[in-house]
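Asker: Handing you a structure now.
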């Protein structure tokens, strides 16, 4: 039987560390879209007092725990200001469907009464998949208008 020398042990240990480090780097390079692919969030125009309808095009590709923040931003003086924000977390499972119609209040997890004006909806997810570092996905909706009630 061959006896291991100190240098052999160091070489084997270094090889194991390099292998683990390479695997870790490879796993961290996987994009968030491997779990959640969000193609669009489209908001419809609405009348003051009515909930905005959303159409969300997304695919859940793999199971994960996700945290989300939805921010409604109002267009004012050439820029956007935060109007209201909702946060939450969900377990995302492939095949899960969003309700139709999907209302802004459901998307945010709370009501957000909008005054007349122009807005957009910004949504950000943090994908927390087992064995991977957290990965973020963000998307902005189209610009939509809330008209005064007549």
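The values are calculated or read from the model by the stated rules, or taken from the named source; none is laboratory data. Please read all numbers here as calculations on a predicted model, not as lab measurements. Positions of Cβ are backbone-derived with ideal geometry, glycine not excepted, and every protein chain shown enters the neighbour counts.
Asker: Within region 118-146, track down each residue that is crowded, with 20+ Cβ neighbours inside 10 Å and not in a strand (DSSP E or B).
Answerer: Listed by number, the residues that qualify are 129, 141.
Asker: Just one of the numbered conditions (1) touching a residue at least 60 places away in the same chain (Cβ under 8 Å); (2) over 17 Å from the mean Cα position of the chain (by Cα); (3) surrounded by 11 or more Cβ atoms within 10 Å (Cβ to Cβ) is not true of residue 83; which one?
Answerer: Exception for residue 83: condition (1).
Asker: Exactly one condition in (1) over 29 Å from residue 78 (Cα atoms); (2) crowded, with 16+ Cβ neighbours inside 10 Å; (3) touching a strand residue (DSSP E or B) at 6+ places or on another chain (Cβ under 7 Å) is false for residue 96; which is it?
Answerer: Residue 96 satisfies every listed condition except (2).
Asker: Take the residues in region 99-113 that are touching a residue at least 40 places away in the same chain (Cβ under 8 Å) and surrounded by 14 or more Cβ atoms within 10 Å (Cβ to Cβ); name whichever of them is farthest from residue 55 (Cα to Cα).
Answerer: The residue in question is 112.
Asker: Let me ask something additional. When you look at residue 105, is it assigned to a helix (DSSP H, G or I), in the same structural domain as residue 36 (by TED's automatic domain parsing) and more than 13 Å from the chain's Cα centre (by Cα), yes or no?
Answerer: For residue 105, the condition - assigned to a helix (DSSP H, G or I), in the same structural domain as residue 36 (by TED's automatic domain parsing) and more than 13 Å from the chain's Cα centre (by Cα) - is met.
Asker: Related question: Looking only at region 53-75, decide whether some residue is free of Cβ contacts under 8 Å to residues at least 12 places away in the same chain, in a strand (DSSP E or B) and more than 14 Å from the chain's Cα centre (by Cα).
Answerer: no
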